[in-house]
1. How large is log10 I(q)/I(0) at q = 0.12, 0.25, 0.28 Å⁻¹ when the Debye formula is applied to the Cα atoms of the stretch 107-177, each weighted equally and without solvent?
2. Under the 0.36 nm per residue contour assumption, what length would be gained going from the current alpha-carbon distance of residue 187 and residue 115 to full extension?
3. Comparing 40, 83, 175, which has the greatest mean-square fluctuation in the GNM of the chain with Cα pairs linked when under 10 Å apart?
4. Taking the Cα-to-Cβ direction at residue 100 and at residue 14 and moving 7 Å from each Cα, how far apart do the two end points lie in nm?
5. By how many degrees, 0 to 90 and rounded to 10, does the Cα axis of helix 117-143 deviate from the longest principal axis of the chain?
6. So between residue 61 and residue 122, what do we pick up on full extension, going 0.36 nm a residue minus the alpha carbon distance?
7. To the nearest 0.05, what FRET efficiency results for residue 85 and residue 213 with a Förster distance of 22 Å applied to their C-beta separation?
8. Find the relative contact order for the chain and round it to a whole percent, using C-alpha pairs within less than 8 Å whose residues are 6+ positions apart.
């Protein structure tokens, strides 16, 4: 971390490390929660996991606020401060959205077609995999700038795979013999899950800009 442009701001660096760990934890819990709700969204196990997602997201919010306070309190150049603030704001959209999706699926008591359980779980796992690579990329910008570009490309590749899975699953949803309102609910759920990787890719693009600035 010490090689980056805010190398003397060790407190900020440590808080960013903690934030990234909590973000990854939040998304892992999200995966467990959704895959549990595929079987029964009304179960106590599902409720417990949704609560854990909420708690992890709250810890992310608290760390984000601490980082923002540190940034405003340090004598950083305006551009450097703005870059970091933009990064943490973009990062925070990922656990925020995961928490919202877990809550919505649980609140609506979504019943998933048994034949599509595996496909839904695969879609969730791919989105969480995308966030795991984002975790590595965001960590690398403090440690190894050159790795950021490679990891950002990996995120784009995973996002392309997710797009294919999303389109296939949507087609399968509308092929089942169910009422249109139910199909639309599943459609919105699929789109919502895939918004996670979209947000991760947005952060990855921001990271590549930061990495490019570092190389100038």
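1. -0.44, -1.05, -1.19
2. Details: separation 72, 0.36 × 72 = 25.92 nm, distance 1.55 nm.
Stretched fully, the residue 187-residue 115 segment lengthens by 24.4 nm.
3. So, out of 40, 83, 175, the one fluctuating most is 175.
4. Label-label distance for residue 100 and residue 14, simple model: 3.3 nm.
5. Long axis of 117-143 versus the principal axis of the chain: about 0 degrees.
6. On the way: separation 61, 0.36 × 61 = 21.96 nm, distance 2.78 nm.
Full-extension gain reported as 19.2 nm.
7. On the way: r = 15 Å, r/R0 = 0.67.
Plugging the Cβ-Cβ distance into 1/(1 + (r/R0)^6) gives 0.90.
8. Values: 248 pairs, mean separation 59.2, N = 216.
Reported as a whole number, the value is 27 percent.
Each value in this text was obtained by applying a stated rule to the coordinates, not by laboratory testing. Owing to the predicted nature of the structure, the values given are computational and were not obtained by experimental measurement. Please note: Cβ atoms are built from the backbone with ideal geometry, for glycine as well, and neighbour counts cover all protein chains shown.
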